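Step one of this worksheet: look at the structure below.
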């Protein structure tokens with residue numbers, strides 16, 4: 001860490017980790033409701049708890065992106081942040097807005113549009129927060145050095161804000177509603193978020209492997225080129241059955257199949273950089289998360305996405321547990337892991353800790369990753385059984401759900417393992433590893 | 001070769017900016033997927049495809065093939081001229097290539113309006129959906145090629161000309177495959 005203002009990232013990382021734990025706790029609650037349907041039925045209905053599970057995820061990932069930007073932009077631009085105070089005000093506004101939304105959900109105050117359930121005034125507050133953030137980082141980049149990483153990160157972050165504006169458009173026509181709903185949901189996670197992910201990954205590769213910036217930048221351009229080329233028209237894979245013309249089945253199938261390409265490129269990129277770099281950076285855990293991120297994103301977003309993206313396949317699997325399996329592994333692999341990667345790299349630097357609780361962090365990596373992987377397989381098998389019983393044999397929805405209960409129990413177990421892993425990750429990042437630190441400091445002079 | 005075009009591995013050997021070649025490869029994958037989709041659909045619905053295909057005018061497609069290939073020749077001559085340092089001739093050849101490209105688009109538009117007048121739209125059946133999607137995507141690339149040409153006429157460095165003409169030849173190549181697959185093979 002070279003610039004004092006990078007410290008402001010700590011607010012965002014701390015906020016993100018708190019919401020991360022909350023998100024997983026609510027995941028456990030809804031996982032329990034699925035197998036024991038009367039759980040909390042009066043106090044916290046499934047739809048409300050699910051809303052909190054998904055909204056908390058999105059908010060903490062965004063908070064992590066904000067933190068990542070505040071950490072890496074001063075370092076890349078080689079200048080202090082434009083305004084640290086503005087960044088702190090923005091943090092509290094965002095956190096209070098998110099908390100207000102959650103409290104509102106508990107009292108059943110929401111707009112009922114999946115993932116965009118926030119009441120209008122919260123959406124407007126999000127726009128204000130986004131503008132404060134974009135102003136702050138754009139001014140920082142404008143007064144400092146412009147690199148491919150800062151340019152692409154800014155492009156991605158501006159894209160996030162621009163596409164969020166479509167959440168304010170809420171037409172009465174259900175087809176139009178869905179068309180533009182995907183402009184937020186799809187063009188975020190399969191478009192501009194990939195730019196943010198790739199630029200953070202590029203930053204980490206430069207720092208952790210010591211490979212020349214020129215090489216990393218070339219990969220970055222190829223990755224984001226592939227992401228936008230496939231991702232924008234890939235939106236078509238959501239337009240199969242919502243009342244849009246049939247040609248979307250062709251456009252969606254062809255372009256979304258290519259969405260695997262940028263994720264595959266990220267795997268090749270990260271492993272090539274580590275192989276070429278040869279620098280033994282002391283923060284092994286950050287490197288593990290970076291490599292894990294590209295691999296899990298490739299499987300979760302790429303392979304599990306392709307699994308049900310072709311229109312004739314999706315005709316059978318649409319809205320089954322296959323979708324849930326893909327959703328969990330893709331969000332974990334791409335966006336949870338990139339956030340934990342940058343936190344694992346940045347937090348010890350900000351807190352001035354010698355590589356801290358690395359071993360615990362890596363245990364967190366393996367336990368969480370195993371939990372999410374097991375969950376993905378359980379849900380995938382559930383989805384295959386569901387597709388066959390419900391869509392091929394024509395059994396009733398609830399009748400089929402009973403057949404899936406074994407898989408749902410396994411999912412709950414996997415969720416519990418995930419929670420344990422998450423606690424280890426958060427613990428390793430927040431609590432200093434005292435004993436080891438002393439040992440290491442004592443050992444150093446002898447080297 | 002400028003700094004931007006060095007150390008790209010296999011892509012460094014190719015003319016023009018390596019990122020253009022990433023785009024070209026991506027485009028070939030997309031059109032390849034469409035050609036495969038067209039061929040599979042044709043095997044699944046042979047009668048429908050035959051009945052619809054005879055409605056296409058092979059001569060119109062042939063004229064367009066000649067227009068686009070001649071345009072490709074003009075573009076190649078523009079690279080030659082730029083290589084010899086003759087910027088004025090390079091610009092003229094690029095202008096000629098662009099005019100022929102416009103001619104292609106004119107013929108395409110006339111063909112579309114003729115088909116639409118006969119009642120064949122993008123949703124008529126699978127053949128027409130794929131016909132309009134494939135030729136439409138291709139025509140969109142002709143338009144993009146013309147935009148790139150306009151930029152390169154304005155800034156005609158050798159790298160820019162090579163980049164532009166590489167893209168233009170890809171547009172040629174796709175048409176040369178599309179024409180027999182959609183118009184000729186019955």
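The values are calculated or read from the model by the stated rules, or taken from the named source; none is laboratory data. Bear in mind that the values here come from a model prediction, so they are computed numbers and not experimental data. Cβ: placed from backbone, ideal geometry, glycine included. Neighbour counts: every protein chain shown.
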So which residues in the stretch B:97-140 are surrounded by fewer than 15 Cβ atoms within 10 Å (Cβ to Cβ), within 14 Å of another protein chain (Cβ to nearest Cβ) and either part of a helix (DSSP H, G or I) or in contact with a strand residue (DSSP E or B) (Cβ under 6 Å, 6 or more places away or on another chain) (or both), if there are any at all?
-> B:136, B:140
Does residue B:88 satisfy the condition of being modelled with pLDDT of 95 or more, in a helix (DSSP H, G or I) and in contact with a helix residue (DSSP H, G or I) (Cβ under 7 Å, 6 or more places away or on another chain)?
-> no
If we only count helices (runs of 4 or more DSSP H) wholly inside the stretch A:313-422, which ones have 2 or more residues that are touching a helix residue (DSSP H, G or I) at 6+ places or on another chain (Cβ under 8 Å) and surrounded by 23 or more Cβ atoms within 10 Å (Cβ to Cβ)?
-> A:321-330, A:337-350, A:358-386
Members of the stretch A:71-113 found to be under 30 Å from residue A:174 (Cβ atoms) and in contact (Cβ under 8 Å) with a residue 24 or more places away in the chain, listed by number | A:97, A:98, A:101, A:102, A:105, A:106, A:108, A:110, A:111, A:113
Across the stretch B:1-25, which residue is modelled with the highest pLDDT among those that are within 10 Å of chain A (Cβ to nearest Cβ), exposed (fewer than 12 other Cβ atoms within 10 Å of the Cβ) and part of a helix (DSSP H, G or I)?
-> B:9
For the stretch A:235-279, which residues satisfy the criterion of being facing chain B (nearest Cβ under 10 Å), outside any helix (DSSP H, G or I) and under 20 Å from residue B:32 (Cα atoms)?
-> A:258
Test: residue in the stretch A:285-302 that is outside any helix (DSSP H, G or I), crowded, with 22+ Cβ neighbours inside 10 Å and modelled with pLDDT of 95 or more = no
Residue ID - surrounded by the fewest Cβ atoms within 10 Å (Cβ to Cβ), chosen from residues in the stretch A:211-234 that are over 25 Å from residue A:281 (Cβ atoms) and within 7 Å of another protein chain (Cβ to nearest Cβ) | A:225
Given (1) surrounded by fewer than 18 Cβ atoms within 10 Å (Cβ to Cβ); (2) within 14 Å of another protein chain (Cβ to nearest Cβ); (3) under 21 Å from residue B:171 (Cα atoms); (4) free of Cβ contacts under 8 Å to residues at least 24 places away in the same chain, number of the condition residue B:28 does not satisfy = (4)
Only residues that are in a helix (DSSP H, G or I) and surrounded by fewer than 16 Cβ atoms within 10 Å (Cβ to Cβ): list them for the stretch B:49-68, please.
-> B:50, B:51, B:58, B:59, B:60, B:62, B:63, B:66
Per the filter on the stretch B:74-96, residues without any contact (Cβ under 8 Å) to a residue 24 or more places away in the chain and either over 30 Å from residue B:160 (Cβ atoms) or surrounded by fewer than 19 Cβ atoms within 10 Å (Cβ to Cβ) (or both) are B:77, B:80, B:84, B:85, B:86, B:88, B:89, B:92
